[in-house]
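Colleague: Below is the structure I would like to discuss, written out as structure tokens.
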Amino acid sequence: MTVAVLGAGGTMGGAMAVNIARAGMRVRGWNRTAGRTQALADAGGELLASPAEAAQGAEVIVSMLSDSDAVLDSMNGGSGALEGARADAIWAQMGTIGEAGAARCAELAGEHGITFVDAPVLGTREPAQDGELVVLGSGPDREEVRERLRPIFQAVAARTMWVGPAGAGTRLKLVANSWVLTVAEGAAEAAALAEGLGLDPRLLLEAVEGGPLDLPYLRSKSEAILARDFEPSFRLALAAKDAGLVQQAAELHGLDLPLFDAIAARMREGAHEHGGEDLIATYWKSAPR
């Protein structure tokens, strides 16, 4: 199988492209910053100068870019992937682009007569590198579509969930992200509170150990704060973007989420100074002074 990967040099897309290549598929990659695709070249993938070139002959086009504008720009126009796509190609949109973005992609795919699958992933840098993401697939309920995507999803993920028509995957990703960002901000503020009260934050981890509130994510993020290690597993700038997508969805559906509104505001604020660091770097906004 030939697979085009758009965003083949990004933190997530790069790791996914390498794993797809290592699984024995032919990968034709494109990235806006060409110098970041060396890992794919080392894994035997091809590097192309435009999305249209990458898509030529590909049975599946995977888009894994930072936002909906980047995805649509890479797919549309004279150098876009749809220009070079096969008539029977499947477009698997795997980035986090929100409800409106997913709907625009589905509409564009329909205009070009190709099959669209909305399949964002759960996971950060390390699961992406290890091929242990979770795919939230949604799209046509046709076995031949799922069979064609199966080897790709197996190469990048530990699990694939099929959750309904196109758009359902994105909606589930927004729900999951709301929880992930809530836990991350809670860990940051709990650590800051402990230090402000003159306590070692490790005492919190000891207090909840073995109980229902003893979350591995709480532990990993708390340990990162204690080590002052903000090497990004998932950049705060992207977390702030994703928080905005959750807010947009809540507004669209008439939901009042005051807790999440506060979290989103804090992430936007933190991203101004620490956007390139891990999302847990919101800690610096709460840290004792």
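Colleague: Given the criteria under 18 Å from the mean Cα position of the chain (by Cα), in a helix (DSSP H, G or I) and crowded, with 18+ Cβ neighbours inside 10 Å, does Ser66 qualify?
Modeller: Answer is no for this residue.
Colleague: Across the stretch 209-227, what is the total count of residues that are assigned to a loop (DSSP other than H, G, I, E, B), closer than 25 Å to Phe260 by Cα and under 26 Å from the mean Cα position of the chain (by Cα)?
Modeller: Final tally of qualifying residues: 3.
Colleague: State which residue is nearest to Ala102 (Cα to Cα) when the search covers only the stretch 168-194 and only residues that are over 15 Å from the mean Cα position of the chain (by Cα), surrounded by fewer than 22 Cβ atoms within 10 Å (Cβ to Cβ) and touching a residue at least 24 places away in the same chain (Cβ under 8 Å).
Modeller: Looking at the filtered set, the residue picked out is Ala168.
Colleague: For the list (1) under 20 Å from Arg219 (Cα atoms); (2) touching an Asp or Glu at 6+ places or on another chain (Cβ under 8 Å), I need the number of the one condition that Ala188 fails.
Modeller: (2)
Colleague: Quick one: which residue in Ala89, Ala52, Ala41 is touching a Gly at 6+ places or on another chain (Cβ under 8 Å) and among the hydrophobic types (A, V, I, L, M, F, W, C)?
Modeller: After ruling out the rest, the residue left standing is Ala52.
Colleague: Since Val3 meets every condition but one in (1) outside any strand (DSSP E or B); (2) crowded, with 23+ Cβ neighbours inside 10 Å; (3) in contact with a strand residue (DSSP E or B) (Cβ under 6 Å, 6 or more places away or on another chain), which condition does it not meet?
Modeller: That leaves (1) as the condition not met.
Colleague: Here's something else I'd like to know. Being polar (S, T, N, Q) and either within 16 Å of Phe116 (Cβ to Cβ) or in a loop (DSSP other than H, G, I, E, B) (or both), is that true of even one residue in the stretch 155-169?
Modeller: No.
Colleague: Here's another thing I want to ask about it. One residue is enough: does the stretch 236-245 have a residue meeting the conditions outside any helix (DSSP H, G or I) and not hydroxyl-bearing (Ser, Thr, Tyr)?
Modeller: Among the residues of the stretch 236-245, not one is outside any helix (DSSP H, G or I) and not hydroxyl-bearing (Ser, Thr, Tyr), which makes the answer no.
Colleague: Considering Glu206, Glu185, Glu189, which residue is in contact with a Lys or Arg (Cβ under 7 Å, 6 or more places away or on another chain), assigned to a helix (DSSP H, G or I), of a type in the set (D, E, K, R) and not assigned by TED's automatic domain parsing to the domain that holds Thr124?
Modeller: Every option except Glu185 fails the conditions.
Colleague: Right, next: Which residues, taken from the stretch 113-150, are crowded, with 16+ Cβ neighbours inside 10 Å, at pLDDT 95 or above and in a helix (DSSP H, G or I)?
Modeller: Pro127, Ala128, Gln129, Val145, Arg146, Arg148, Leu149, listed by residue number.
Colleague: So, Ala49, is that one assigned to a loop (DSSP other than H, G, I, E, B) and outside the structural domain of Gly244 (by TED's automatic domain parsing) or not?
Modeller: Answer is yes for this residue.
Colleague: I'd like to know if the stretch 222-229 contains one or more residues that are more than 15 Å from Tyr283 (Cβ to Cβ), out of contact with any Phe, Trp or Tyr (no Cβ under 8 Å at 6 or more places or on another chain) and surrounded by 14 or more Cβ atoms within 10 Å (Cβ to Cβ).
Modeller: There is no residue in the stretch 222-229 that is more than 15 Å from Tyr283 (Cβ to Cβ), out of contact with any Phe, Trp or Tyr (no Cβ under 8 Å at 6 or more places or on another chain) and surrounded by 14 or more Cβ atoms within 10 Å (Cβ to Cβ).
The values are calculated or read from the model by the stated rules, or taken from the named source; none is laboratory data. This structure is a prediction, so every number in the text was calculated from the model and none was measured. Note that we place each Cβ from the backbone using ideal geometry, even for glycine, and neighbour counts take in every protein chain shown.
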